Each structure stands twice: as structure tokens, then as C-alpha cells.
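Below you'll find the structure, written out as C-alpha cells, and then a few comments.
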Amino acid sequence: MGMTVADIRRRKQAERLKGLHQHASLVLAEHPGGSLWLFGSWARGDWDGFSDVDVLAVAPSRGEANRLAEAVLEAGMADDVLALTAQEWQQRRTGDDPYWSAIGRDALRLNQP
């Protein structure tokens, strides 16, 4: 029995997620109180070879969130990073905006063991 395309995709996604978790641990060690969330096609599982890695950088204050986002980009772990305060993230993921509620539903937290 050979591997199916779905098996290969699952393995590729698992490998990508493992690498992102490792990067996240290193970045977050320097930014206590922050969290990183993968969103978009890599989080949903419908990525392709051209898909960007999209990450939310969430921290207690705007300045901390911006510094965390910069650290993510410097580490080369994502193509696009959005910085949000913890309060903004909580409001957006539970709010009425369909764009943000979809992100909130699919986002994967990257700094959990």
C-alpha cells in the first residue's frame, strides 16, 4: 500500500507545524506573556505550495505585540504577521466579523507543548 496524496499532505503539514512550534518556543522565550497563532491555509489544512505562513503575534500591550511580530519575522518563521493585543484578539475572535470569527475558529496556538 502506497501513501495517498492525503497522507503526504498530512505528513507535510505535521512537519511544518513541528518546525513552527520549535521556532515559536524560541521566540516566545524572549517574549514572556505573548502567544503566537497560526492562521490561514496552513492552519485550515487547505494550503498549497504557494501558501504563505500567516501568524498572529498576541501580547498584553501594543508595543509588546509589535516587538513579538518583529521577532517572528526576524526568525524567518512566517511570511505575514499581524500584531494584536490580547484584548483585541479576544474581541475579534468572538465578535461578529465573519473574517475574524473564521480566523478564531481555525487558528492554531503555536506555543503549547
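No lab work stands behind these numbers, since they all come straight from the coordinates. Just so we're clear, the structure is a prediction, and the values are computed from it rather than from any experiment. Methodologically, a virtual Cβ is constructed for each residue, glycine included, from the backbone with ideal geometry; neighbour enumeration extends over all protein chains shown.
What the table shows:
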quantity	calculated
Electrostatic dipole magnitude of the chain [Cβ: Lys, Arg +1; Asp, Glu -1; Cα centre; debye, to 20]	440 debye
Summed side-chain charge close to K18 - residues other than K18 whose Cβ falls under 13 Å, Lys, Arg +1, Asp, Glu -1	+3
In the stretch 70-113, GluC sites (Glu not before Pro) in a DSSP loop with at most 11 other beta-carbon atoms within 10 Å	none
Of all DSSP beta bridges in the chain, antiparallel share, percent nearest 5	55 percent
Local net charge near D79, Cβ-Cβ under 11 Å (Lys/Arg +1, Asp/Glu -1)	-3
Residues Q91 and L26, FRET efficiency given R0 of 30 Å [Cβ-Cβ distance, rounded to 0.05]	0.55
Mean Cα-pair separation over length for the chain, i.e. relative contact order, pairs under 8 Å, 6 or more apart, %	29 percent
Label zone at A102 (point 7 Å along Cα-to-Cβ), backbone N below 17 Å, the stretch 55-83	55-56
